Amino acid sequence: MRKIAARLFVSLDGVVEAPETWVPPYAGDEFTETMLASMAESDALLVGRRTYEVFAASWPERGTEEPMAAYMNTVPKFVASTTLDRADWNNSTVLNGDIGKEITALKQQTGKNINVAGSATLVEWLLRQQLLDELSLLIFPVIVGKGQRLFTDGGDKVPLRLLESRSFTTGVQSAAYAPAPADG
């Protein structure tokens, strides 16, 4: 069975929006190695509509020579959306029926992990639906001040257990979590 593994960039104040404006000063070799390792462990990408639209507008122009661009432009992509009818970016499929059942069916297929990139709303939904197997956060040493936060207010408590953590020389903290049993 495949795992759904999300990797998100988050500021110290919990912002996940527009990481391209605050990640670059901290993206060194360790960051690149971490991203490439995550890509090597997966053979599909799951995103929400907004992330799909941002990615589809920027990644195709980067070609396939650079490893991250090659991954993004060639890997099968699944777009969880109730509003998108079609996805024209190479190897993209829209999941717009019963998204939970469609994602469960994807997990049942043989293959590597299915990565979730960006898509904070989708990540929160997957976590609360018990469909997310791993949540990896790259926590950047910057306070952004405004923007979409990783989690919305008002949801139920979701216990997690730490799988691994490490510090990068640039000050980035990498922490991977898995769902933990609910408190008894």
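The values are calculated or read from the model by the stated rules, or taken from the named source; none is laboratory data. Bear in mind the structure is a predicted one, so any value in this text is a computation, not a measurement. Cβ: placed from backbone, ideal geometry, glycine included. Neighbour counts: every protein chain shown.
Observations, loosely collected:
- A Cβ distance below 9 Å, combined with a sequence gap of six or more or placement on separate chains, defines the contacts here; from the range 166-182, residues that are closer than 22 Å to residue 126 by Cβ reach residues that are surrounded by 12 or more Cβ atoms within 10 Å (Cβ to Cβ) and of a type in the set (Asp, Glu) in the pairs 174/30; 176/134; 177/134; 178/133; 178/134; 179/133; 179/134.
- Identity of the residue in the range 92-110, more than 18 Å from the chain's Cα centre (by Cα) and surrounded by fewer than 16 Cβ atoms within 10 Å (Cβ to Cβ), that ends up farthest from residue 126 (Cα to Cα): 110
- Against the test of being surrounded by 14 or more Cβ atoms within 10 Å (Cβ to Cβ), over 23 Å from residue 111 (Cβ atoms) and at pLDDT 90 or above, the options 11, 58, 81, 42 yield a single qualifying residue, 11.
- Qualifying residues in the range 123-143 (those that are outside any loop (DSSP other than H, G, I, E, B) and out of contact with any Lys or Arg (no Cβ under 9 Å at 6 or more places or on another chain)) - the one surrounded by the fewest Cβ atoms within 10 Å (Cβ to Cβ): 128
- Qualifying positions in the range 85-100 - in contact with a strand residue (DSSP E or B) (Cβ under 7 Å, 6 or more places away or on another chain) and outside any loop (DSSP other than H, G, I, E, B): 92, 93, 94, 95, 99
- Residue in the range 12-21 that is assigned to a helix (DSSP H, G or I) and more than 15 Å from the chain's Cα centre (by Cα) present: yes
So that you can scan it fast, the table gives a plain yes or no per residue for (1) basic (Lys, Arg); (2) more than 27 Å from residue 49 (Cβ to Cβ); (3) modelled with pLDDT under 95; (4) part of a loop (DSSP other than H, G, I, E, B):
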| residue | (1), (2), (3), (4) |
| --- | --- |
| 102 | no, no, no, no |
| 105 | no, no, no, no |
| 116 | no, no, no, no |
| 145 | no, no, yes, yes |
| 151 | no, no, yes, yes |
| 170 | no, yes, no, yes |
| 184 | no, yes, yes, yes |
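- A residue that is farther than 19 Å from residue 42 by Cβ, in contact with a Gly (Cβ under 7 Å, 6 or more places away or on another chain) and not charged (D, E, K, R) can be found somewhere in the range 81-96.
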